[in-house]
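Comments concern the structure below.
The values are calculated or read from the model by the stated rules, or taken from the named source; none is laboratory data. Keep in mind that this is a model prediction, so the values were computed, not measured. Cβ coordinates were reconstructed from backbone atoms using ideal geometry, including for glycine residues, and neighbour counts include every protein chain displayed. These area figures cover heavy atoms from the full protein model, side chains too; ligands, DNA and RNA do not enter into them. Shrake-Rupley method; radii C 1.70, N 1.55, O 1.52, S 1.80 Å.
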Amino acid sequence: MSSKPLHVACIMDGNGRWARKRGLPRTAGHTAGEESLADVVRAASKRDVAYLTVFGFSTENWVRPRAEVRHILGLHKKLFGRIAELNENNVRVNWIGRPFDEPGSRTPLYVQRAIRKAIDETKTNTGMVLTVAFDYGSRSELTRAAKRIVANQTELTPANLQLNLYDASLPPVDVLVRTSGESRISNFLLWQINVAKIYFTDRPWPDFDSVELDAAIALAKN
Ligand code: FPP
């Protein structure tokens, strides 16, 4: 059993099903999902989790109904706006995803601003790093890394590929969590999960709590 600080990654699935079961609109499920995430961030920051990386919005999620996309973007603004809480827990905010200046980027300015502000206002925190993957897709990340290597005429090695990822400093994932009974990877952190354990749970994301987090951490440490 090791006690090294861990990298935990989460695919937060099942918000829609959580809502449907309660006769609520899907958006209510996402709202509950954001609150669950805030709780998980707080809990993880108090455990030996050095990095928590969450799949907030994928490059594929833009095709969802407009109102749902707008609601999820608003929840990102809410999450990135929790600066006081993040600072209280010594959490540094980070983001990975398609760069805003890349052709095809669809991230609205208000989300860009919320991301930049949260990164800036938590940058001196020394505790857990919370990375939100927004407009993220792993194949796009890897293709971009390979293109940069070709453009720079550097050698294609695993170390150089790592250096050209959206965030080269993210360590390998120790445990990948996927909620809501789905056992797929969904184009998330394909490079970074090379040696990860995978923790699947039937619970939908809004019901994922610190007991589940501890079970995922225990799996990583075994
Ligand atoms: C999956 O639920 C979740 C998402 C599409 C991502 C959005 C996540 C949140 C809003 C949680 C809060 C996170 C942030 C970063 C603000 P689903 O709609 O796929 O659920 P379903 O499979 O049951 O329909």
When the residues of the stretch 7-33 are narrowed to those that are open to solvent by less than 10 Å² (accessible area, probe 1.4 Å) and closer than 14 Å to LEU75 by Cα, which ends up nearest to the chain's Cα centre (by Cα)? GLY33
State all residues of the stretch 90-117 that are farther than 22 Å from TYR166 by Cβ and buried (at least 20 other Cβ atoms within 10 Å of the Cβ); if no residue qualifies, say none. none
Taking the stretch 46-86 and keeping only residues that are open to solvent by 60 Å² or more (accessible area, probe 1.4 Å) and more than 9 Å from the ligand (Cβ to nearest atom), one is left with LYS46, ARG47, GLU60, VAL63, PRO65, ARG66, ALA67, ARG70, ALA84
Determine which member of the set GLY97, GLY81 is touching an Asp or Glu at 6+ places or on another chain (Cβ under 6 Å) and not β-branched (Val, Ile, Thr). GLY97
Can you name every residue in the stretch 189-209 that is in a helix (DSSP H, G or I) and open to solvent by less than 30 Å² (accessible area, probe 1.4 Å)? TRP205, PRO206
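For (1) at pLDDT 95 or above; (2) under 19 Å from the mean Cα position of the chain (by Cα); (3) not charged (D, E, K, R), each residue gets a yes or a no:
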{"site": "GLY137", "(1), (2), (3)": "yes, yes, yes"}
{"site": "ASN152", "(1), (2), (3)": "yes, no, yes"}
{"site": "GLU155", "(1), (2), (3)": "yes, no, no"}
{"site": "PRO158", "(1), (2), (3)": "yes, no, yes"}
{"site": "LEU161", "(1), (2), (3)": "yes, no, yes"}
{"site": "ASP174", "(1), (2), (3)": "yes, yes, no"}
